[in-house]
Amino acid sequence: MSLLDVTGLTFNYADGELYNNASLRLFEGEHAVLVGPNGTGKTTLLKLLDRELKPDTGEIRWMPGKKIGYLDQYAKIDQTLTVRAYLYDVFMPLFDKEREMLAYYDQVAHVEGIEQARLLERASVISDDLLASDFYAMKSKIGNVIHGLGLDMEILDTKIKTLSGGMRAKIILGKLLLEEADVLLLDEPTNFLDVRHIDWLAKFLSAYPKAFIVVSHQEDFLERIAKTVFAIEGKKVSRYKGDYDFYLKERVQRFEAHHKAFVAQQKKILETELFIKKNIVRDSTTKRAQSRRKMLEKMERIEPPHKSRTYKFHFPMASSTGRDVLKTEDLEIGYDGPLVEPISMTIMKEDKVALTGRNGIGKSTFVKTILSRINALGGTFEWIDTAKIAYFEQENSFDETMTPFMVVHGHYPAFSKKEVMSLLGNHGIDYDMANRPMGSLSGGEQTKVRLALLRHQKGNVLILDEPTNHLDYEAKEALKSALLAYRGTLILVSHDSQFYQDLCDYEIQLYETND
């Protein structure tokens, strides 16, 4: 029996249709991933399944009584709570039961006989319930999740309002995993996770006894967790009953079969239309022509096969630098105190460097320090005087009511409308997307708009802070190709080892201070 049935789903945004008569079935305990290019509506589908959005037409039916856990990294939570209070709320019903049990034991001392036996029986029933619910393993369970996601137990007493965006996202994910819902809907759960914590999450989900649907652009992660793949193709949701490798092979075969069927039908339609045009006016053949016309009207048309978007990323070069591009000497970074051990290094001309380290350790802080956006706490850094820096910031600082066209035109006011649209098109942003508010675009689409702003920003040093977050496979490959072709110096902050290992010459890893 299916856990979820979606039938006849149609959903439109103001500027276009995402789904048209789509269907989907999820079975109990099924481990599924949802894939598709940026902008095809993966996040929207999860919101529809969570009832955060309503379909224009169609039906979404969940099996009654099932608990759905939806990962929303932008959820509004009480910022004054400690992490402990936020996470322990998952077990609050069990804490209430424990208090009730202890109250019965307190009363036992003040009564005798039948009343005492009755109270002991009630307390015993609750104790059995708590044991069955693994209540006494709660602290161990919380510790496993906290360590698995790359946090320390000391964070339990930290106020949520003091956490970085990455740590906050981990806490939200951690609570969701602790709740053990009947089905998990996870949108980009690996964002802000390092390689070993992604490994932990993959093992956790693979062993998860219940169902999930996961959206992610990290192929190695998908390969490890998927038993079923839902692919958004041509405003429909196709089901591939197999792992991610099976999907990749089967997708090619289905595309080829679809393409052949589409071409054959188009040929038949053209031949039929020519026959009708030629014979409709002749008395001797008009009935045959009318019959063909009716057949054509009833024909179920095959949609043209969906082609992946193409990207033309490019990072222009200014004049070259000298040999030693950036030198740091005992550089200390942080805010109230140093985050990492003092940094001494030299980055040379045309080096491609990956800046790594656990999430929250200070990689973005390091970048902002060497860009003089925040002050160093100690030590020195020095850029060569010929350095011209182009910078991709991790955080999106745009007004979400602005459209991509407005953002790019504001950055390049001398560009004509045609030049702006061409620039956006090279980065996978079509006409409809270009005229929608930034806030309505997917994370991947917003990233592509921000990458477009670097297209005509000539530099000889390129600093990219997590540029692959939310990007689909095709876009990541195009970005990697453009960076390989770049002849300047590259400093790349990334947690995506598959992306930077074939791209960068070496890693600079930040280590937490011992103070």
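Annotations
- Residues within segment 226-247 that are touching an Asp or Glu at 6+ places or on another chain (Cβ under 9 Å) and in a helix (DSSP H, G or I), tallied: 2
- Residue in segment 312-347 that is surrounded by the most Cβ atoms within 10 Å (Cβ to Cβ), counting only those that are of a type in the set (Asp, Glu) and without any contact (Cβ under 8 Å) to a residue 60 or more places away in the chain: 332
- Lone qualifier among 292, 309 - being open to solvent by 60 Å² or more (accessible area, probe 1.4 Å) and either more than 30 Å from residue 255 (Cα to Cα) or in contact with a Pro (Cβ under 9 Å, 6 or more places away or on another chain) (or both): 309
- Considering (1) without any contact (Cβ under 8 Å) to a residue 24 or more places away in the chain; (2) open to solvent by 80 Å² or more (accessible area, probe 1.4 Å), the lone condition that residue 301 does not fulfil carries the number (1).
- Residue that is farthest from residue 18 (Cα to Cα) [pool: residues in segment 54-70 that are of a type in the set (Gly, Ala, Ser) and either modelled with pLDDT of 95 or more or open to solvent by 40 Å² or more (accessible area, probe 1.4 Å) (or both)]: 65
- Filter result for residue 47 (part of a loop (DSSP other than H, G, I, E, B), out of contact with any strand residue (DSSP E or B) (no Cβ under 7 Å at 6 or more places or on another chain) and modelled with pLDDT of 90 or more): no
- The residues of segment 71-93 that are modelled with pLDDT of 85 or more and surrounded by 14 or more Cβ atoms within 10 Å (Cβ to Cβ), listed by number, are 71, 81, 82, 83, 84, 85, 86, 87.
- Verdict on residue 106 being assigned to a helix (DSSP H, G or I) and open to solvent by 70 Å² or more (accessible area, probe 1.4 Å): yes
- From the options 352, 363, residue that is within 24 Å of residue 459 (Cα to Cα), open to solvent by less than 80 Å² (accessible area, probe 1.4 Å), modelled with pLDDT under 95 and not polar (S, T, N, Q): 363
- Scanning segment 398-409 for residues that are open to solvent by 60 Å² or more (accessible area, probe 1.4 Å) and at pLDDT 90 or above turns up 406, 409.
- Single match in 129, 152 (criterion: farther than 26 Å from residue 28 by Cα and among the acidic types (Asp, Glu)): 152
- Inside segment 445-474, residues that are closer than 12 Å to residue 39 by Cα, at pLDDT 85 or above and either small (Gly, Ala, Ser) or open to solvent by 10 Å² or more (accessible area, probe 1.4 Å) (or both) make up a count of 1.
- Once segment 415-441 is narrowed to residues that are assigned to a loop (DSSP other than H, G, I, E, B) and of a type in the set (S, T, N, Q), the residue that is surrounded by the most Cβ atoms within 10 Å (Cβ to Cβ) is 435.
- Scanning segment 371-397 for residues that are more than 24 Å from residue 490 (Cβ to Cβ) and either free of Cβ contacts under 8 Å to residues at least 12 places away in the same chain or buried (at least 17 other Cβ atoms within 10 Å of the Cβ) (or both) yields one hit, 375.
- Summed over segment 271-289, the residues that are assigned to a loop (DSSP other than H, G, I, E, B) and either open to solvent by 90 Å² or more (accessible area, probe 1.4 Å) or touching a His at 6+ places or on another chain (Cβ under 7 Å) (or both) give a count of 4.
- Unique match (being open to solvent by 40 Å² or more (accessible area, probe 1.4 Å) and closer than 30 Å to residue 165 by Cα) among 230, 221, 192, 246: 192
The values are calculated or read from the model by the stated rules, or taken from the named source; none is laboratory data. None of these values were measured; they are calculated from a predicted model. Glycine also receives a Cβ, built like all others from the backbone with ideal geometry; neighbour counts cover every protein chain displayed. Side chains included, ligands, DNA and RNA excluded: accessible areas come from the protein's heavy atoms. Shrake-Rupley method; radii C 1.70, N 1.55, O 1.52, S 1.80 Å.
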